[in-house]
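Chemist: The structure that follows is given in the form of structure tokens.
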Amino acid sequence: MSKSGLPHFLIGSEGGESRELDDKDMRNISGPYGEDEEEDQAEGQIVVGICSMMKKSNSKPMTEIMERLCKFEYITVVIFSEEVILHEPVEKWPLCDCLISFHSKGFPLDKAVGYAKLRNPLLINDLNMQYFIQDRREVYRILQEEGIDLPRYAVLNRDPDRPEECNLVESEDHVEVNGEVFHKPFVEKPVSAEDHNVYIYYPTSAGGGSQRLFRKIGSRSSVYSPESTVRKTGSYIYEEFMPTDGTDVKVYTVGPDYAHAEARKSPALDGKVERDSEGKEIRYPVMLTAMEKLVARKVCLAFKQTVCGFDLLRANGHSFVCDVNGFSFVKNSMKYYDDCAKVLGNMVMRELAPQFHIPWSIPMEAEDIPIVPTTSGTMMELRCVIAVIRHGDRTPKQKMKMEVRNALFFELFEKYGGYKSGKLKLKKPKQLQEVLDIARQLLAELVLHNDCEIEEKKSKLEQLKTVLEMYGHFSGINRKVQLTYLPNGQPKASSEEEDTLKEGPSLLLVLKWGGELTPAGRVQAEELGRAFRCMYPGGQGDYAGFPGCGLLRLHSTYRHDLKIYASDEGRVQMTAAAFAKGLLALEGELTPILVQMVKSANMNGLLDSDSDSLTDCQQRVKARLHEIMQKNKDFSEEDYNKLAPTGSPSLVNSMRVIVNPVKTCDQVHTLIKSLTCQICKRLEDPKSADLQLYHSETLELMLQRWSKLERDFRMKNCRYDISKIPDIYDCVKYDTQHNSSLSLEDTLELFRLSRALADIIIPQEYGITKAEKLDIASAYCLPLVKKIQLDLQRTHEDEAVNKLHPLYSRGVMSPGRHVRTRLYFTSESHVHSLLSIFRYGGLLDEQKDEQWKQAMDYLSAVTELNYMTQIVIMLYEDNNKDPSSEERFHVELHFSPGVKGCKDEDNAPMGFGFRPASSENHEKQTNQGSLEDLSQDEPDRAVLTEPINIQRKSPLIRNRKAGSMEALSESNTSSRGLAYRLLPSSSRQSPEIKPSGLELLSMPPVKRFSVSYARHPTNGFEGCSLVPSIYPLETLHNSLSLKQVDEFLTVLCKNGSQAQFKRLKSLSAMFESHSQPSIDVDSQETPVSTPVQLNQPTAKPIWYTGEPSSTVSSSGPSSPSVAESSSNFGFNE
């Protein structure tokens, strides 16, 4: 922004004369220009003085923020040297128009107050109030006057003039201070805020003694002492100890409307400072509740400190302020540095620009209001973003089933409450250890008694033992055991088990392992989070340094109501955490982000599905698929009608590749055998014996993976188990992408054939006809659909979530505005099901709606819903329309098929871009040169394999001419004449229905971003095939009304509930539950079976929690409550 391009960054001279002269000259320079009408002349400079001890002035946060502040064209920063501050009279201090001055050890606050009286600069932090901040008694007094919650406390003043304030009676387990009793544990704080020696005294029942807190020294912040008696000299505040979850929340305000919050491990916990790999103290990201945001505002205004840090304790559902530190910056957060400089710079300009005759018209928060041009050219405000996202790249999932009848397994089943629902999930280390102990015990018994009947199971027990012993330690994220009660044993032998049937009940034990999020998956999720920011308008300035600042500032200025949900699968939770890290520009490890930010939504099937308990419809569909795919002849016309009744091009193409299903399966089996032979040969070769594969896999583990598939795929009766096809495709996709360095022969042919088979089996397992697809979809994601409907409904209701209290919203341009974001991370089944609901549920009529027909054609051509698939719903409000009008709220539906698969760029179906403009604007746009000659692009322009070329060829430059900031992705630039031409070529010449996503509104004042990946770091990895890039979002429809969507979802939920009710009634009375929450012994007191909820649409869903908005329970969801029978989710959901 600066004219010279260099920051105005000066150190004040010791004498001050030269500085004074410069300033006067500057004032004089600004005079004549003020009278002159010429607007392009230079204006005067506003000088911001930094007056603090050198240690603070030269600190990294101060330097980072001041460098950014200097980018404001009319602001110059001057740092007062410590020599001048300590030894020169204030008359000789440098002049400034705005003063940032704050007390720290050794700072002469009296002189700073004198300087402020002499020069009268604009004060960022009031100086007189800083005397109060040095005394904890005054801090507590002010907090109390403001009505801010603080712990119950009493002051012990050891002042000879005021003996009545010094009554202390000490007992073994409590103290009495001036008549107020404090039972241990209690806290003893020196009244001087500069004294950090705070003691916590413990009761004898907990071992007595005290924890002594102090300023961090190396990696310690407190130490335990056996001393149990309180200090007898000095004045102290005694207060109740607040039981937090072991974290303290630090809040940093920059003005009353902005706060950054982070948690750190409480120093009282064990005194060890948690540090990350770079040696920095680990800080956890925190979302403040609406009440906490109000507290931040009150603290900032009451102490008159624009930049102010304070400490919050979260305990018993309330937040208490326990310390106010005055001026303090966040450490190591680039996002905070950007925001802080921007807020301070705007504040200075707003206050001082008029008297300097500087043309400054940007109100403080104009760009933070989420207003965007709609596709028809009007302006609308973004109100809600809902996204359902599949997890990132993972290691191959592996599964083993065995029927068990041993009493030890039944005892374990009973111990963890398996009989309540007939199902049990064991994921915790202690539980898995018990399963491992049983396996070891049974194997030991087998050695002693060579019992033939059990001998059959020996290999299974050994596999159970081997898998549970992998890694040498347990992590619930890697492995889980599911037990299902079978009243009459297994109905028939599966492909793996061909034992003679036995009478009596048994347990089906399913062991699952693998399926962990890979490093590539983490990068994908983080990058997508980063790109996702660009969907939020506002704040994207050159100054900000990276796109998507609008969201970040929106989030910190209290206008963003964000919740992130994830199913209980480890890979899904880690994807959610990595996405949150990218979305909110968080730093550090994923675990703290996961604990603080991601809600586990494993209740009532919101995001989890029990894939082992299929509906009747699914059983029938699987049987039909099995039957069609077992025919040893070429697909006939009848087979095409049976298998692809919807005529989907992706299915038809795959069937053409396969021709004869059995012969293709023969080829696949032969190729797998070839692959296992090659791996065996590699193992024998001493050179490759210690070869490390991707994600620490060994050749032995790789061989185990493929050998198991080879055995399981071809059954003993020489028929093929087609349910293994997804696993084969999964493995070959993984090895093609991550282990291509092995250069195994024929992997690409195996990839091609297994992909063709998987492209039929996977989507068709969710239903073959439209009716089946809908039936299965509602069984999977009815709770999620209900939740999405409530998210949309509640956005336009007037609720208190994350808004500022009207009483405190003076001076805030738009206190009521907030954007609600709900992110749901889940697995493939939910993404398939939700998409089926939108496609086949009857949202729109394809015959009457051209855009919807094009969207349906596009979706039919998509072959795979890969990792990071996204379904995004955006809700806008048009404030110019009547509140009761259908046109007031407008819904857009977007979709991306996720990560690009190997070798499929050439055949990738093309959508119509993100938020394409409506047809009436097309001709205007063409004239402005935004399209130029794009309609004449050559059809063979397949540059997608080279990300660098795309950027050269992408029409970014043309777009900018049209006044738009939309960054186009590679898929928008490629031609639509490849494998799937969705429109006849003649239609490309007609501007009315031009399919390109390039037509953009030319509205220079509002900059637009699309979620484009062409410029994202992931593309840099493509060359070494580590992290494939992600397809950009494509708009399926952008002119739906909220009423339309709401009515559609209502009908759907009603029909789904009825179908579910019938289904549940037909199940046995003993185990009604179709889809059961996981039994989490630690966090669930009362497991509830699902039908209670599904039969009564009016009951609160059992994932309802009464927590205040934006708080995250670190122990997972709170216990379900069925007693309440309101039709709403909690207002905070």
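Chemist: Leaving ligands, DNA and RNA out of it, work out the accessible area of residue 323 with a 1.4 Å probe and give it in Å² to the nearest 10.
Modeler: 30
Chemist: Still on this model: Have a look at 221, 254, 267 and report the one farthest towards the positive end of the charge dipole of segment 216-277, computed about the Cα centre with Cβ charges (Lys/Arg +1, Asp/Glu -1).
Modeler: The residue sitting farthest along the positive end of the dipole is 221.
Chemist: Given the pairs 184/427; 265/786; 787/900; 272/599; 427/457; 399/663, which span a C-alpha to C-alpha distance of over 32 angstrom in this model? Could you put the intermediate results ahead of the total?
Modeler: Working: 184/427 38 Å; 265/786 37 Å; 787/900 30 Å; 272/599 27 Å; 427/457 23 Å; 399/663 26 Å.
Checking Cα-Cα distances, 184/427; 265/786 exceed 32 Å.
Chemist: In whole angstrom, how far apart do the alpha carbon centroids of segment 65-89 and segment 837-890 sit?
Modeler: So the separation of the two Cα centres works out to 54 Å.
Chemist: Next up: With 21 Å as the limit, write out which pairs from 304/563; 401/773; 56/111; 420/512 have Cα-Cα distances beyond it, or answer none. The partial results should precede the final answer.
Modeler: Values: 304/563 32 Å; 401/773 27 Å; 56/111 17 Å; 420/512 23 Å.
Check vs 21 Å cut-off fails for 304/563; 401/773; 420/512.
Chemist: Return the whole-Å distance between the Cα centroid of segment 399-417 and the Cα centroid of segment 291-333.
Modeler: Centre-to-centre (Cα) distance: 52 Å.
Chemist: Quick one: if the Förster radius is 41 Å, what FRET efficiency do residue 350 and residue 880 give, using the C-beta to C-beta distance and rounding to 0.05? Before the final figure, lay out the partial values.
Modeler: Values: r = 28 Å, r/R0 = 0.68.
Approximately 0.90, to the nearest 0.05.
The values are calculated or read from the model by the stated rules, or taken from the named source; none is laboratory data. Predicted model, so just to flag it, every value in this text is computed and none were measured. Because the Cβ atoms are built from the backbone with ideal geometry, glycine has one as well, and the counts that use them run over all protein chains shown. Heavy atoms of the whole protein, side chains included, go into the accessibility calculation; ligands, DNA and RNA do not. Shrake-Rupley method; radii C 1.70, N 1.55, O 1.52, S 1.80 Å.
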